[in-house]
Amino acid sequence: MTNPSSIPIVFCFDNNFALPAFISISSLSYYAKEQTHYIVYCVVNKDLTDANKAHIQSLSNKNLTINFVEAKSTFQNAHQHRGITESTYYRLMLHDLLPQENKILYLDVDVLINDDLSELYNINLDGYIIGGVRNLYIHQVFEEHLVEIPYWKEHFSNAKYTYINAGVLLINLEKIRLTKIWEKWLELAKYKWEYHDQDILNMSCKNKILFLSPKFNATYAVRAKGADQWDLFSKYELSEKPVIYHFTAKKPWDSKYMDQSTVWWNFVKNNTTQYSYFYKRYNKEDVIRKKLNRISLKMKRVFTIIFPRSSK
């Protein structure tokens, strides 16, 4: 069992996201208070290279103990699309992979910590399976998009106000084991859900979710101007200093000039040794994107010449 004064944090990723994970864990360490100690569990795919593992392990210090846990292939056949891979489902097996823990804080690797996480972890989760922040993006697009998804009305009729983002979760592993809700997760994972394990968690944990402050999962939508007009969070809640930035949709390492991306780039530049790598990578891929855009425009022009629209 973890020392009561230690905070267990879990990241799940494969080799493709090893460097973003390095940045997230770096920020976790940077903002840890003197008395805070994190036990970081990296639940990883077999493809994680020894070099990337050693790179992440180098972050260990008096505030940070890092452990690697190899994920099982339980969800290897689960639905994957939009670049979402098997590793997103790993959070559904943490009760099995971490038998020594009864409560953990799960974080996606596309987050940047902006404060010590003791306040978040110490929130009482008794009676709940998970704790998370309501998903403002889901709230915004509910009427125009989500209601068109066949299963949405049946399972998420009140999702505008109850559906949470699964990128930052307090997880009650003890209750998961007692209720055996994980058996339901295995069954649900056989189907094609639009938002993968996030849909599974929202569907199965209904009425057992503790809603947390948006400062603990500050997504693009939460930080956007006018977010308070959507009747989900108060102006005060939205004005609180973010404890965790979460870069949903486009990632900052791919979209340098998107709102909020500056926070990530500034941290990488000022507090890590990875700025040069990400900067070169971004510029290289940006050149490729621009070339592809030019080719696409040329193809459209050629197509228009060959197949001109007939005039009425």
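What's the local net charge at V10, with K and R +1, D and E -1, over the other residues with C-beta under 14 Å away? Within the 14 Å Cβ shell, the charges total -3. Here is the list for the stretch 169-204: chymotrypsin sites (Phe, Trp or Tyr not before Pro) lying in DSSP coil, each with at most 16 other C-beta atoms within 10 angstrom of its C-beta, are Y191.
Stretch K225-N271 to full length: gain in nm at 0.36 nm per residue minus the Cα-Cα span? List each step's numbers first, then the result.
Numbers: separation 46, 0.36 × 46 = 16.56 nm, distance 2.82 nm.
Difference between extended and current length: 13.7 nm.
For the stretch 123-208, with all protein chains in place and a probe radius of 1.4 Å, 48% of the accessible heavy-atom surface sits on carbon or sulfur. For the stretch 237-283, the Cβ-based charge dipole about the Cα centre amounts to some 320 debye (Lys, Arg positive; Asp, Glu negative; other atoms uncharged). Taking amide H as placed 1.01 Å from N in the peptide plane, H37 has its amide H under 5 Å from the amide H of I7, each at least 5 places away in sequence or on another chain. Give the calculated FRET efficiency between S234 and N122 to the nearest 0.05, with a Förster radius of 25 Å applied to their Cβ-Cβ distance. Calculated value: 0.65. Given their separation in residues at 0.36 nm each and the Cα-Cα distance between them, S58 and T179 gain 39.8 nm when the chain is fully extended. In vacuum, with every alpha carbon of the stretch 117-230 counted as one equal point scatterer, what does the Debye formula give for log10 I(q)/I(0) at q = 0.10, 0.13, 0.19 Å⁻¹? Two decimals, please. Treating every Cα as an identical point scatterer, log10 I(q)/I(0) equals -0.31, -0.52, -1.07.
What trypsin sites (Lys or Arg not before Pro) in the stretch 174-257 are in a loop by DSSP, with at most 13 other Cβ atoms within 10 Å of the Cβ? Loop-located and lightly packed - K180, K190, K192, K225, K250. Within the same chain, lysines fewer than 8 places from K153 are excluded, and of the rest, those with a Cα less than 19 Å from its Cα are K192, K206.
Checking the cross-link pairs K251/K284; K208/K235; K175/K208; K33/K215 against a 21 Å limit on the alpha carbon distance flags K208/K235 as lying beyond it.
The E144 and R281 beta-carbon pair, evaluated with R₀ = 41 Å, returns a calculated FRET efficiency of approximately 0.75.
The values are calculated or read from the model by the stated rules, or taken from the named source; none is laboratory data. Owing to the predicted nature of the structure, the values given are computational and were not obtained by experimental measurement. Glycine also receives a Cβ, built like all others from the backbone with ideal geometry; neighbour counts cover every protein chain displayed. Ligands, DNA and RNA are excluded from the accessible area calculation, which covers all protein heavy atoms including side chains. Shrake-Rupley method; radii C 1.70, N 1.55, O 1.52, S 1.80 Å.
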